[in-house]
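Below is one structure, written out as structure tokens, with a few remarks after it.
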Amino acid sequence: MDISAIRKDYSIKSLDINDVSVDPLKQFENWFEEAIQAEVLEVNAMTVSTVGLDGAPNARILLLKGVDSGFVFFTNYHSEKGKELEINNSASLTFFWPELERQVRVRGKVGKVTSEESDSYFFSRPIDSQIGAWVSPQSQEIHSREEINERKEQIINEFASKELVRPRHWGGYRLQPSIIEFWQGRPSRLHDRIKYEFQGGKWTMVRLAP
């Protein structure tokens with residue numbers, strides 16, 4: 001297989017600095033809605049990149065669960081990413097919507113959402129997912145799949161006679177953006193890139209070279 005020969009020319013849309021919102025979060029919502037309308041597969045999937053405990057970048061795919069003043073996602077606070085964010089709360093998000101030939105990159109600082117927000121989302125999930133949050137010691141070494149299955153049965157039995165609650169080690173994070181870049185694929189690799197940066201209490205906007 002000649003991987004170097006794989007290529008695609010982008011030509012669906014363009015991106016002009018005069019046509020975007022002055023608010024990057026509003027611009028993101030506009031693009032997200034277009035991605036939904038285009039039936040993008042796993043439209044809220046994003047790469048979450050953190051700084052590893054060894055100082056090296058570390059990335060994985062998570063699902064975006066909300067956009068307000070920032071970008072909200074949920075996970076196990078004792079996971080690898082949770083431990084990394086406890087030490088260094090700088091992180092980045094990357095969205096890629098190939099059906100629209102678009103990418104969005106976000107950089108900022110991450111903090112935990114309120115307990116009320118975590119509870120609200122936790123109890124909106126299917127019951128099996130709620131139980132799953134109790135079952136998995138995320139990122140820790142386990143001996144076999146059976147270990148997880150046994151733990152699941154234990155949790156089901158434990159909560160058979162009492163109300164299920166959200167585990168304290170599971171909840172949400174909000175990334176407050178300081179930089180958001182919108183990328184639109186264009187022919188001949190001459191892509192459109194618009195970067196927003198939060199400076200002096202307001203957002204600035206510039207066009208970047210491909």
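Any read-out appearing in this document is the output of simple, stated calculations on the displayed coordinates, not a laboratory observation. Computed from a predicted structure; not experimentally measured. Note: ideal-geometry Cβ built from the backbone for every residue, glycine included; neighbour counts use all protein chains shown.
Of everything in the stretch 45-61 that's surrounded by fewer than 17 Cβ atoms within 10 Å (Cβ to Cβ) and in contact with a strand residue (DSSP E or B) (Cβ under 9 Å, 6 or more places away or on another chain), which residue is nearest to PHE28 (Cα to Cα)?
Residue satisfying both the conditions and the ranking: ALA45.
Determine which member of the set PHE123, PHE71 is loosely packed, with under 14 Cβ neighbours inside 10 Å and touching a Lys or Arg at 6+ places or on another chain (Cβ under 9 Å).
Every option except PHE123 fails the conditions.
Name the strands (runs of 3 or more DSSP E) wholly inside the stretch 1-113 in which the number of residues that are more than 22 Å from ASP192 (Cβ to Cβ), under 16 Å from the mean Cα position of the chain (by Cα) and among the charged types (D, E, K, R) is 1 or more.
57-63, 102-112
Filter the stretch 114-129 down to the residues that are among the small types (Gly, Ala, Ser) and either in contact with a strand residue (DSSP E or B) (Cβ under 9 Å, 6 or more places away or on another chain) or not in a helix (DSSP H, G or I) (or both) and list them by number.
SER115, SER118, SER124 - these are the residues of the stretch 114-129 that are among the small types (Gly, Ala, Ser) and either in contact with a strand residue (DSSP E or B) (Cβ under 9 Å, 6 or more places away or on another chain) or not in a helix (DSSP H, G or I) (or both).
Do you know which residues across the stretch 153-210 are surrounded by fewer than 17 Cβ atoms within 10 Å (Cβ to Cβ) and among the polar types (S, T, N, Q)?
Once the filter is applied, which keeps residues that are surrounded by fewer than 17 Cβ atoms within 10 Å (Cβ to Cβ) and among the polar types (S, T, N, Q), the stretch 153-210 yields GLN154, ASN157, SER161, GLN176, SER178, SER188, GLN199, THR204.
Give the stretch 74-100 a look and list any residue that's closer than 11 Å to VAL51 by Cα and surrounded by fewer than 17 Cβ atoms within 10 Å (Cβ to Cβ), or say none.
If the condition is that a residue be closer than 11 Å to VAL51 by Cα and surrounded by fewer than 17 Cβ atoms within 10 Å (Cβ to Cβ), then LYS83, GLU86, ILE87, ASN88, SER90 are the ones that fit.
Being farther than 14 Å from GLU101 by Cα, small (Gly, Ala, Ser) and touching an Asp or Glu at 6+ places or on another chain (Cβ under 9 Å) is the filter here; which residues of the stretch 1-50 pass it?
Listed by number, the list holds a single entry, SER21.
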